[in-house]
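Input: a single structure, listed below in structure tokens.
The values are calculated or read from the model by the stated rules, or taken from the named source; none is laboratory data. Keep in mind that what you see is a predicted model, and the values were worked out from it rather than measured. Cβ atoms come from the backbone with ideal geometry, glycine included; neighbour counts cover every protein chain shown.
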Amino acid sequence: MPAGQPADLIEKLVSLCKQRGFVYPSSEIYGGLNAVYDFGPLGVRLRRNIRERWWRRMVDLRDDVEGIESAVLMNPRVWEASGHVQSFTDPLVDCTGRCRKRWREDHLGDERAARGKPRDAPGCPECDGALTPARQFNLMFKTFTGPLEEQAAQVWLRPETAQGMFVNFANVLNSSRQRIPFGIAQMGKGFRNEISPGNFIFRLREFELMEMEFFCKPGSDREWHEYWCAQRMKWHVDDMGVRSANLRLRAHEKEELSHYSTATSDIEYSFPFGWGELEGIADRTDYDLRTHMQHSGRDLSYFDPQSNERYVPYAIEPAVGVDRIFITLLVDAYHEEEVRGERRVVLRLHPDVAPVQVAVLPLSKKAELTEPARELEHDLRRHFATEYDETQSIGRRYRRQDEIGTPLAVTFDFDSINDRAVTIRDRDAMTQVRVPMDGLVAALRDQLERSRANASGRARGGGS
């Protein structure tokens with residue numbers, strides 16, 4: 001658990017997220033739906049920032065990665081070939097005691113430990129009741145195409161985006177004129193019928209993935225695996241501002257490896273409920289391309305003009321969920337402190353991922369202040385992610401902006417009418433500086449640059 005964080009942090013985040021418009025229980029007025037959430041006005045902004053920074057780093061700034069968007073629904077033979085129909089399963093056990101809950105057998109130890117019980121206790125983590133023998137449970141959701149719900153019309157909601165990149169390997173290779181090594185990246189929804197979802201948005205049934213398949217020559221895969229492990233760890237620290245002290249890279253033991261992988265490493269984060277997977281980087285070898293070749297009859301091999309040889313490429317897969325990053329950012333940024341006898345809650349988000357970068361606050365609700373302040377906020381929208389707020393006292397509005405992670409607040413007061421200057425308040429230092437409105441955009445850019453530097457320093461271990 002991150003140092004200095006309250007023991008009930010997840011509960012506090014659930015409350016803050018609903019109150020401030022980050023995350024809502026899905027269809028709450030009808031009682032909700034377990035492990036499915038909706039994202040509010042601030043939540044969609046934060047998610048968009050996560051996506052944009054991932055895409056920019058993985059695709060836009062590289063010469064060797066192309067992007068695609070494959071469909072959620074695919075020919076069911078794709079999932080038969082990939083092994084998902086036969087083996088995408090988890091061991092399920094049922095409690096026969098009073099709680100009647102269902103559990104993943106391989107998660108029982110963690111569930112017991114989270115409740116302060118011995119990991120090897122014989123019964124249900126919740127009520128100590130007897131458990132049924134384990135049976136395999138397929139995690140994919142079924143649906144049907146066409147008017148009849150019959151076996152011939154059955155399709156699956158994808159549990160990952162990876163297969164869309166594998167089946168489009170030849171299409172992308174031919175249309176983009178790329179050469180090995182190169183990658184295919186995409187973002188999109190995935191669906192898994194999780195047995196025991198939980199910990200807020202950490203494990204969901206509907207989630208969003210950001211995955212890349214980097215195709216390389218067999219024999220160079222270990223080198224590329226190490227490369228992408230380092231690159232992805234660096235991204236979480238430098239681009240997202242996650243504190244490196246709360247991250248670790250853990251290589252899977254041999255018995256943990258998936259059937260398609262010869263090496264997998266997880267970037268893990270120290271959550272309040274223990275170390276949890278944030279991102280996985282897997283060496284999938286040539287398993288996927290080769291199986292799709294066998295089942296489809298299509299040639300997915302690659303001819304290397306430099307070495308004059310043909311081979312089936314290996315794939316290195318960095319895969320991360322938007323929702324995992326979302327909860328990690330909230331946990332890592334959450335901070336409580338006492339200021340003049342009051343509890344101050346701050347989300348110390350990196351300024352490039354914060355849903356609001358600049359808040360404009362008139363000192364009072366009088367029209368002589370609100371009208372020019374609102375006009376100022378509209379002008380700033382062209383340059384920054386902004387928000388206008390005139391409700392309650394200025395102190396309460398500062399606290400509200402602190403809670404949603406806004407790095408800078410601009411206060412328009414009665415003097416602003418005459419001196420054409422405003423006050424910029426810094427979220428972390430709580431310092432204030434008065435600047436002319438004519439130079440406000442430049443001043444805000446300078447302040448945000450300093451905020452970026454401070455966020456990078458904190459992430460690398462240079463500050464709290």
### Query
Could you give every pair whose Cβ atoms fall below 9 Å, whose first residue belongs to the range 259-276 and is at positive phi, and whose second residue is of a type in the set (Gly, Ala, Ser), counting only separations of at least 6 or pairs across chains?
GLY274/ALA113; GLY274/ALA114
### Query
Is it fair to say MET430 is in contact with a strand residue (DSSP E or B) (Cβ under 9 Å, 6 or more places away or on another chain) and at pLDDT below 95?
yes
### Task
Residues being part of a helix (DSSP H, G or I) and of a type in the set (Ser, Thr, Tyr): count how many of those fall in the range 170-212.
2
### Query
Tell me, which residue of the range 420-439 that is without any contact (Cβ under 8 Å) to a residue 40 or more places away in the chain, among the charged types (D, E, K, R) and in contact with a helix residue (DSSP H, G or I) (Cβ under 9 Å, 6 or more places away or on another chain) is surrounded by the fewest Cβ atoms within 10 Å (Cβ to Cβ)?
ARG420
### Message
Only one of GLN163, GLN151, GLN186 is out of contact with any Ser or Thr (no Cβ under 8 Å at 6 or more places or on another chain), more than 26 Å from TRP103 (Cα to Cα) and assigned by TED's automatic domain parsing to the domain that holds LYS217. Can you tell me which?
### Response
GLN151
### Summary
When every residue in the range 284-315 that is within 22 Å of PRO76 (Cβ to Cβ) and free of Cβ contacts under 8 Å to residues at least 60 places away in the same chain is compared, the one surrounded by the fewest Cβ atoms within 10 Å (Cβ to Cβ) is GLY297
### Task
Could you check, for the range 348-357, whether at least one of its residues is small (Gly, Ala, Ser) and more than 28 Å from LEU440 (Cβ to Cβ)?
no
#### Entry: Residues that are more than 30 Å from ASN199 (Cβ to Cβ), among the charged types (D, E, K, R) and under 33 Å from the mean Cα position of the chain (by Cα), drawn from the range 289-344
ARG290
### Task
Determine if the range 316-338 includes at least one residue that is in a loop (DSSP other than H, G, I, E, B) and either within 28 Å of MET74 (Cα to Cα) or among the basic types (Lys, Arg) (or both).
no
### Message
Restricting to the range 118-172, name every residue that is under 30 Å from THR285 (Cα atoms), in contact with a strand residue (DSSP E or B) (Cβ under 7 Å, 6 or more places away or on another chain) and aliphatic (A, V, I, L, M).
### Response
LEU139, MET140, VAL155, LEU157, ALA162, MET165, VAL172
### Message
Would you confirm, using the coordinates I've provided, whether ALA442 is among the small types (Gly, Ala, Ser), surrounded by fewer than 19 Cβ atoms within 10 Å (Cβ to Cβ), over 19 Å from PRO41 (Cβ atoms) and outside the structural domain of MET233 (by TED's automatic domain parsing)?
### Response
yes
## Note on the structure
Counting only residues in the range 231-248 that are free of Cβ contacts under 8 Å to residues at least 40 places away in the same chain and over 26 Å from GLU69 (Cα atoms), the one surrounded by the fewest Cβ atoms within 10 Å (Cβ to Cβ) is identified as ARG248
### Message
Looking at the structure I just gave you, is PHE215 in contact (Cβ under 8 Å) with a residue 60 or more places away in the chain, more than 22 Å from ALA81 (Cα to Cα), assigned to a strand (DSSP E or B) and of a type in the set (A, V, I, L, M, F, W, C)?
### Response
no
### Query
Pairs, please: C-beta under 8 Å, at least 6 apart or cross-chain, first residue more than 20 Å from MET233 (Cβ to Cβ) and assigned by TED's automatic domain parsing to the domain that holds PRO181 and in the range 57-69, second part of a helix (DSSP H, G or I) and small (Gly, Ala, Ser)?
GLU66/SER176; ILE68/GLY164
### Message
When the residues of the range 176-207 are narrowed to those that are under 24 Å from TRP228 (Cβ atoms) and either over 23 Å from the mean Cα position of the chain (by Cα) or of a type in the set (S, T, N, Q) (or both), which ends up surrounded by the most Cβ atoms within 10 Å (Cβ to Cβ)?
### Response
GLN186
### Message
If GLU368 meets every condition in (1) part of a loop (DSSP other than H, G, I, E, B); (2) modelled with pLDDT under 95 apart from one, which number is that one?
### Response
(1)
### Task
Out of ARG348, ARG344, report the one residue that is touching a helix residue (DSSP H, G or I) at 6+ places or on another chain (Cβ under 6 Å) and not β-branched (Val, Ile, Thr).
ARG348
### Task
Would you please name the residue that is farthest from the chain's Cα centre (by Cα), looking only at residues in the range 154-175 that are polar (S, T, N, Q) and under 17 Å from SER296 (Cβ atoms)?
ASN174
### Summary
Residue hits (the range 10-23; in contact with a strand residue (DSSP E or B) (Cβ under 6 Å, 6 or more places away or on another chain) and under 14 Å from TYR334 (Cα atoms)) are CYS17
### Message
Given the criteria outside the structural domain of ARG51 (by TED's automatic domain parsing) and surrounded by 12 or more Cβ atoms within 10 Å (Cβ to Cβ), does GLU342 qualify?
### Response
no
#### Entry: Close pairs from the range 360-385: first among the aromatic types (Phe, Trp, Tyr), partner in a strand (DSSP E or B), Cβ under 7 Å, at least 6 apart
PHE384/VAL358
### Message
Is it the case, given these coordinates, that ARG399 is out of contact with any Asp or Glu (no Cβ under 9 Å at 6 or more places or on another chain), surrounded by fewer than 19 Cβ atoms within 10 Å (Cβ to Cβ) and basic (Lys, Arg)?
### Response
no
